[in-house]
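What follows draws every value from the coordinates through simple rules; no lab data is involved. Predicted model, so just to flag it, every value in this text is computed and none were measured. Cβ: placed from backbone, ideal geometry, glycine included. Neighbour counts: every protein chain shown.
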Amino acid sequence: MSWGTELWDQFENLDKHTQWGIDFLERYVKFVKERLDIEQNYAKQLRNLVKKYCPKRSKDEEPRFTSCLSFYSILNELNDYAGQREVVAEDMAHKVYGELMRYSQDLKAERKHHLQEGRKAQQYLDHCWKQMDNSKRKFERECKEAEKSQVTYDRLDNDINATKSEVEKAKAQFYLRTHMADESKNEYAAQLQNFNAEQWKHFNNAIPHIFKNLQDMDERRTVKLGETYRSFAEAERRVIPIISKCLEGMVSAAKAVDERRDSSIVVESFKSGFDPPGDFPFEDFSQNLSRTGSDGTISNTPKGDRDGAPAPRSDPKHPMGRTKNKLWLFGKKPKAPSLEDFSHLPPEQRRKRLQQRIDELSKELQKEMDQRDALNKMKDVYEKNPQMGDPSSLQPKISETICNMEKLRSEIHKNETWLSEVEGKQSSRGDRRHSADNHHHTPQGRESPEGSYTDDTSQEHQTPHHRSSPPQPGHPNPDPHEFDDEFDDDDPLPVIGHCKALYSFDGQNEGTLVMAEDEVLYIIEQDKGDGWTRARKQSGEEGYVPTSYVEITLEKNSKGS
C-alpha cells in the first residue's frame, strides 16, 4: 500500500508520523544503553565480589581441603561468568547501541531532506494557485467594468439629450473595457490551465515520489529495529553455552567436595607424632610422719614407705615424665624458638618440613648440575673450535657451579641426617632417648664424615634420594665424636689407588682432609655414594675429601676396583 496514492493530502500527518518514528528509535537506543550499563555494572560487581573472597595468601599457604578448593573453583567460574556478562555488554554497545546511534543521525538527515522537497513542491503549487487566482480576480474586475461601460453607453445612446461626442466617448470606453475583459479572460484561462497542470504533477508525480521516499525511510527504520531486536537477543544467546559451562564447572566443583579427604588432610596437618600421655605415678608425702601404731597396724602407706625406702620420684624417662612438658596438647601451646633443624616442631610436622626443604634443595642442586653440564659442553665446543670462544673463560663459572653443588649437597646431607633421626625416633616410638652411647649399638662398619655407616666397603651408603656432600664451615656435625671411633682402627687400610686434587680443599670439618690443588693422595676407600672418598697423604694423615674435587685412578688388581 503506497502512501503517495492513499495519503496524498496527509503531508502534515506524515511529517508528525516520521518524527514519532525517529523518537521511538531513539527511545529504544536509550533503553539499550541502560541495559548494557546494567550488564557492565553487574560484571564489575561480580568481579569485585570474586576479588573480595579470593584468598589473600599464596596457594602454598592456603589449606588444601576439597571444600576450599571447590569454593575457589566456583570463584574462578564466577569470574569467567562475569567476563561473559562483559561480552554481552560489549556486543550490545557495538552491534545495537552504536549502530542505532549512527542510523538515527542518518535517518534524521534523510527525513529532513524529504520534507524539504515536499515543502518546496507545496510552495510552488501555492505560487501557481496565487497566479491563477490573481488572473481570475482581474478577469472578474474587468468584466464588471465592461458591464458598467456597456450600461453607460446604452443609456447615452438612448438619451435624445445626449450629445454625439458623449455617445461616442461612452462607446469607446465600452469597447476598451470589453477588450480588456477579453485579455483578462485569456490570461485567466492560461493561468488556470497552467495551475491545473502543475497541480496534476504535484499530486501525481512530486508528492507520490516524496511520500514514497518517506515510506521507504520509515519501513527501513522498522526493519532496522527488528534487526537490532534480534541482535539484542543474540548478544545474550551467544554466551549461553559458555555460561552453561561455567555453571557446569560450579556443579563439578560441588561434586568434588570430599569429607573423608578433608578429614585425612586435617590428620596429616595437625598430628604431632607424640604418644598419648601415660599415668601419673603416686607420690607419697606422708613418709616423714611419725608412726605410733604397732608394726602390725594396717595403713594405707605403700610398702616401700613402711620399709623406710625413699619416696618414689618421677622418672624423667617415664612416658609421663616425658610428656609432662607436653601438656600444651590439651591447652595453649607454648611458643618455641624456630630452629634450623625444626626440632621445635612435633615429630610428624618436623619430618614434613625437613622433607620439603630437602626437595627444594634437590631442585636447586639439579639446576646447578644442569648448568655445570651445559658449561662443560660449551667448554668442549670452545676447545674443538677456538674461534668460537676461549675455554678458559668458562672455568671460573664452572668452579663456582661446582662449589655451589658442594654446598647444596652439604645442606641436603645435613637435612637428611635430621630426617633419618626423626624417622628413626618415629619407628622406635618406645625408646626416644638420644645420647652419645647410641653409637655403640650401630652395626659394625666404617662411618662417613656425617656419622652414617655401611656394613662393608661394597655396600652403598643409605641416604634418601640424593648423594650427600661435605659439611661446610658454620654447619657443625651432629656428633663430632663419630669420627673418633672411625680413626681408632689399629690396622691401616690398604691403598687401592691414587688421586690428584683438581681444587684445593680446606677440610675445616672434623674427619676431612686438607689438600692443595694438584696434590697427589693415596685412595684407601672408594666413594660409597655419599660424595666422599677416603684418602691418605704421604705423611700418613687420613681423612675424607670431596669426590668431585679429585681425579681418581684405581689400581687394577686392588680390592673393590
Checklist entry - What percentages, rounded to whole numbers, describe P(r) for the range 492-561 computed over all alpha carbon pairs with 10 Å bin width beginning at zero? => result 23, 61, 16, 0
Checklist outcome for this item: For the residue 518, residue 370 Cβ pair and Förster radius 22 Å, calculated FRET efficiency rounded to 0.05 is 0.15
Item to check | Long pairs among 108/201; 148/201; 52/245; 384/500, criterion Cα-Cα beyond 30 Å | outcome: 148/201
Checklist outcome for this item: Place a point 7 Å from the Cα of residue 242 in the direction of its beta carbon; the residues of the range 17-42 whose amide N falls under 19 Å from it are 36-42
Checklist outcome for this item: Binned at 5 Å from zero, the C-alpha pair distances of the range 122-186 give percents of 4, 19, 18, 15, 13, 10, 8, 5, 4, 3, 2, 0
Checklist outcome for this item: Computed D for the range 74-177, Stokes-Einstein, Kirkwood radius over alpha-carbon pairs, 20 °C, 1.002 mPa s, to the nearest µm² per second, is 100 µm²/s
Next on the checklist: Taking the Cα of residue 24, stepping 7 Å toward and past its beta carbon, and measuring to each backbone N in the range 207-233: which are under 16 Å?
Outcome noted: 214-230
Checklist entry - When only C-alpha pairs under 8 Å and at least 6 residues apart count, what is the relative contact order of the range 347-425, in percent? => result 49 percent
Item to check | Charge tally in the Cβ shell below 13 Å around residue 245, where Lys, Arg are +1 and Asp, Glu are -1, residue 245 excluded | outcome: -3
Next on the checklist: To check my understanding: the extent here is largest minus smallest coordinate of the Cα atoms along each principal axis. What are those three numbers for the range 347-425, in Å, largest first?
Outcome noted: 59, 14, 13
Checklist entry - For a label point 7 angstrom out from the Cα of residue 51 toward its Cβ, which stretches of the range 62-103 have the backbone nitrogen within less than 11 Å? => result none
Checklist outcome for this item: Here D for the range 3-262, in µm²/s, from Stokes-Einstein with a Kirkwood Rh over Cα pairs at 37 °C and 0.692 mPa s, works out to 125 µm²/s
Checklist entry - What percent do you get for the relative contact order of the range 10-117 when only Cα pairs under 8 Å and 6+ apart count? => result 48 percent
